[in-house]
Amino acid sequence: MSDQPTDIVLNALQQMQANGMRMRATLDVCDRLRNTPSAQPQITRIAAHETTKEQPKPTVSNPDTLQQKTRISELKPRLESSFKKEFTTDLTVTSGEKARRLSALRGPVLVCTQCAHLVKSREQVVFGVGNPEAELMFVGEAPGADEDLVGEPFVGRAGQLLTKIIEAMNFRRQDVYIANILKCRPDTPPGASGNRKPTHEEMNVCKPYLIQQIEIIQPKIIVALGATAVEGLLGMDKAGITKMRGTWKEFHDIPLMPTFHPSFLLRPTGEQNANKRLVWEDMLAVLEKLGHPITPKQQGYFLTK
């Protein structure tokens, strides 16, 4: 075994996962951090061992690579905070059968190479996060840039809004389960910015992983976030989310509620409050179907005063 502190941490985590521990942070995050010089001081504090200097890396002249390095540098505080959080407060032992089955599924998903173009462009696979015993599951379309770097679904601005929605429903983020149709961030042409919508071919390749997650967790209700998630789950060519949201569908005998994606609520349309109310009405319907009490305060969210 290597004496490098990062190797010690990685080996210990691998052993703990083999013994049944559930990790919200994936082991490949640790492995990637191990090879990231900016993350070394954080890991050194955790492992409490001496570090050795890495060999200088060659100068990078590719503009796209430089842009990616700048992006990683900007997200360094979040990555380090996420790393610290995942291996302290959120490292829990779950001995349930569902947790073991999800852990067994995670391994093959993290090393999946079925889509060569996505393997080439991704930072890491985003498996899913949350409670294996969850009664409520949220499904989005694909990881964005933040999710690709952190390794967890819905951690960017849209993810922060989703967390607020979950908490307004009197759940905690760790009470539900969150996943995507696609486990890798869709690649984009050189020089392009933003996130690309996954193709139906990409979703069809990755969908069996999501189906296995759903079959293991057996949530009472699935919330499909956005038209692409609805298209992927229900096998539709084009989902008119404006008309479909708020109407109950079904996926593998599980009630499914389509609603707007949180990113849609962040757009400066001038109707943000009205759209938030529509999404909230969908969530009230979810709470009602789950048999959860709804308070007068919850009933009044986003209503015109």
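The values are calculated or read from the model by the stated rules, or taken from the named source; none is laboratory data. Keep in mind the model is a prediction, meaning the values are calculated, not measured. Every residue, glycine among them, receives a Cβ derived from its backbone with ideal geometry; neighbour counts consider all protein chains shown. The protein model used for the area step is the full one, side chains on, heavy atoms only, and it has no ligands, DNA or RNA in it. Shrake-Rupley method; radii C 1.70, N 1.55, O 1.52, S 1.80 Å.
Conditions (1) within 22 Å of ASP148 (Cβ to Cβ); (2) part of a helix (DSSP H, G or I); (3) under 18 Å from the mean Cα position of the chain (by Cα), marked per residue:
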site: ARG196; (1), (2), (3): yes, no, yes
site: GLU202; (1), (2), (3): yes, yes, yes
site: TYR209; (1), (2), (3): yes, yes, yes
site: MET236; (1), (2), (3): no, no, no
site: PRO255; (1), (2), (3): no, no, no
site: SER263; (1), (2), (3): yes, yes, yes
site: MET283; (1), (2), (3): no, yes, no
site: GLU288; (1), (2), (3): no, yes, no
site: GLN298; (1), (2), (3): no, yes, no
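Restricting attention to the range 174-191, the residues that are modelled with pLDDT of 95 or more and surrounded by fewer than 18 Cβ atoms within 10 Å (Cβ to Cβ) add up to 2. Please go through (1) open to solvent by less than 50 Å² (accessible area, probe 1.4 Å); (2) out of contact with any strand residue (DSSP E or B) (no Cβ under 7 Å at 6 or more places or on another chain); (3) at pLDDT 95 or above for GLY194 and return the number of the only condition it doesn't satisfy. Looking at each condition in turn, GLY194 falls short on (3). Reported count of residues in the range 248-305, each being farther than 16 Å from LEU161 by Cβ, open to solvent by less than 50 Å² (accessible area, probe 1.4 Å) and among the β-branched types (Val, Ile, Thr), is 2.
Just one of the numbered conditions (1) farther than 26 Å from ILE254 by Cα; (2) small (Gly, Ala, Ser); (3) open to solvent by 10 Å² or more (accessible area, probe 1.4 Å) is not true of ALA158: (1).
Filtering ASN170, ASN131 for residues that are open to solvent by 10 Å² or more (accessible area, probe 1.4 Å), touching a strand residue (DSSP E or B) at 6+ places or on another chain (Cβ under 7 Å) and more than 23 Å from HIS200 (Cα to Cα) leaves a single hit, ASN131. Screening VAL230 against (1) free of Cβ contacts under 8 Å to residues at least 60 places away in the same chain; (2) surrounded by fewer than 24 Cβ atoms within 10 Å (Cβ to Cβ) leaves a single unmet condition, (2).
Being within 17 Å of VAL223 (Cβ to Cβ) and open to solvent by less than 10 Å² (accessible area, probe 1.4 Å) is the filter here, so list the residues in the range 134-155 that pass it. Walk me through it before giving the result.
So the first thing to find is which residues in the range 134-155 are within 17 Å of VAL223 (Cβ to Cβ), and the list is 134-142, 153-154.
Answer for the range 134-155, where residues must be within 17 Å of VAL223 (Cβ to Cβ) and open to solvent by less than 10 Å² (accessible area, probe 1.4 Å): ALA134, LEU136, MET137, PHE138, VAL139, GLY140, PRO153.
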